[in-house]
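The values are calculated or read from the model by the stated rules, or taken from the named source; none is laboratory data. Fair warning: this is a prediction, and the values are worked out from it, not measured in the lab. Cβ sites come from the backbone with ideal geometry, for glycine too, and all protein chains shown count toward neighbours.
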Amino acid sequence: MNKHISTASLAVAAAALATACPQSNPPLPEGSGYTCDGELCTVTGPILTDVTFTADKKWVLTGGVFVGDDADPDASPAILTIEPGTTVYGDTAALSFLLVTRGSKLVADGRADAPIVFTSAKDAGSRARGDWGGLVINGQAPVNGCTGDPCVVQGEAGTGTYGGAVANDDSGVLRYVRVEFGGALIDDENELNGFAFQGVGSGTVIENIQAHLVSDDCIEFFGGTASAKRILCTGAGDDNLDWTFGWTGKVQFLIAQQYDDAGGNGIEADNNEANNELTPVSRPVISNATFIGRPASENSKIGVLLRRGTQAELHNVIVMGFNDRCFDMDDSATFAGAVEGDALTGNTVIENSIFDCATLSEDEEGDAFSLEDFLLTMNEGNEVGDPGLTAPDSVGAADFRPAAGSLASSGGQVPSDSFFEAASYRGACPADDNWAQGWAAFPQN
Ligand SMILES: [Ca+2]
Ligand SMILES: [Ca+2]
Ligand SMILES: [Ca+2]
Ligand SMILES: [Ca+2]
């Protein structure tokens, strides 16, 4: 009997054994970007192959975790799938954030009864704004102020490369996702937002997302064409909806509620700070939004601030309680985009909306027209008064629906575009659907 066994036959035998008796902890595929010890998984990235975060484990982001290769979107595109009900923790010692590069995808498709939560790794009870970073999604949709072919931008503070020519680019799905206690400083000047959509395209699904107690903006769009439905912003440390660099998406149903201890503007909207005229010009279409400031807090600034050449369509919006004023417009390009001669251009429109602040607007030197005239005379269907929401100021148990017979319960008219669901009310909630309860949560620390 020949006792000689070749190395080749050993390998075959080992492979057969592995198939028959898989190890309890099989080695992870190269490029997984994480390691697990029991139920605790440490995620360092880069994630360069398709990976699933399962709901039975605790996933801890440690440092900036990139999905895909920032330098080359085609080199190793990856899909990170996160199961419904999964909690992902941001390590608070290493500045941690999750960044999806161009060409890669995040599929975080939660459910109302099993949302996906990104939170601080500190214990409940000791968590605060800025414990960790946030979510950054980079896409290949058009942005302005970019260079090269395809024309791209470097994100602020090392948040990667974004932009391109793919208007319908698809960065995945964010549905029933909450980001809380994020917004850490990434350097002296830049904080991470709860959600940063950078050059994200219209093929991306964004529905039912909440940013809660983040230290910078709730949600910021840097160019791109991404649209979103049902955005909830609670206790943001800075602005609620921020945009710049040519964003042209759509939003329906957005609630922003400020807290007393920190805040900024409800909407802070730019085209481009360096050159107000760059194209594509920022021009989102927004319907059914409720912005709730804090009248007694100096942290509560302007409800809607349009500046630096942006255009916008706002329909069925409620702006209430902002300490500084409800509405402002700055910079000649912004005025020129809205009105030509005595007539609206149609590029900036604010209709069927309700304003309720101690100061509606203030005219400043150089303004091309009176902002009060713009809101109440030139545009249609706007009024000043108490919108009559059920419990808009409560922290943690708010009810943003119109009370019976309130101003907000009628007077709405949505844009004629199939993206927008029928809504005859104003603000983000109808009387019979408190969509900001259930999957959302409001832990204070
Ligand atoms: Ca920001
Ligand atoms: Ca901001
Ligand atoms: Ca801004
Ligand atoms: Ca102004």
Exercise for review: Would you please list the contacts, defined by Cβ atoms under 9 Å and residues six or more apart or on different chains, that run from a residue in segment 319-333 that is on the phi > 0 side of the Ramachandran plot and touching a residue at least 60 places away in the same chain (Cβ under 8 Å) to a residue that is part of a loop (DSSP other than H, G, I, E, B) and within 16 Å of ligand 2 (Cβ to nearest atom)?
Suggested key: Gly321/Gln258; Gly321/Gly293; Gly321/Ser300
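Which one of these is at pLDDT 95 or above and closer than 17 Å to Asp386 by Cα: Gly346, Gly337, Gly321? Working first, answer last.
Numbers: Gly346 fails: closer than 17 Å to Asp386 by Cα; Gly337 fails: closer than 17 Å to Asp386 by Cα.
Answer to the selection: Gly321.
From Leu174, Leu185, grab the single residue that is within 16 Å of ligand 2 (Cβ to nearest atom), in contact (Cβ under 8 Å) with a residue 40 or more places away in the chain and either surrounded by fewer than 24 Cβ atoms within 10 Å (Cβ to Cβ) or within 23 Å of Gly110 (Cα to Cα) (or both).
Working: Leu174 fails: within 16 Å of ligand 2 (Cβ to nearest atom).
The match here is Leu185.
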Revision key, fill the gap. Note on segment 228-245: residues crowded, with 24+ Cβ neighbours inside 10 Å and either more than 16 Å from ligand 1 (Cβ to nearest atom) or assigned to a strand (DSSP E or B) (or both) are Ala228, Ile231, Leu232, Cys233, Thr234, Leu241, Asp242, Trp243
Review point. Just for segment 344-357: of the residues that are touching a strand residue (DSSP E or B) at 6+ places or on another chain (Cβ under 8 Å) and part of a loop (DSSP other than H, G, I, E, B), which one is nearest to Pro295 (Cα to Cα)?
Key: Cys357
Revision key, fill the gap. Taking segment 404-437 and keeping only residues that are out of contact with any Ser or Thr (no Cβ under 8 Å at 6 or more places or on another chain), surrounded by 13 or more Cβ atoms within 10 Å (Cβ to Cβ) and under 24 Å from Ala226 (Cβ atoms), one is left with Trp435, Ala436
Practice item. Name the one entry in Leu375, Leu371, Leu360 that is in contact with a Cys (Cβ under 7 Å, 6 or more places away or on another chain), modelled with pLDDT of 95 or more and either of a type in the set (Lys, Arg) or closer than 22 Å to Gly309 by Cα (or both). Key: Leu360
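Identify, from the list Ser202, Ser297, the residue that is without any contact (Cβ under 8 Å) to a residue 60 or more places away in the chain, hydroxyl-bearing (Ser, Thr, Tyr), more than 18 Å from Asp399 (Cα to Cα) and surrounded by fewer than 24 Cβ atoms within 10 Å (Cβ to Cβ). Before you say what the answer is, go through the steps one by one.
Numbers: Ser202 fails: without any contact (Cβ under 8 Å) to a residue 60 or more places away in the chain.
The conditions single out Ser297.
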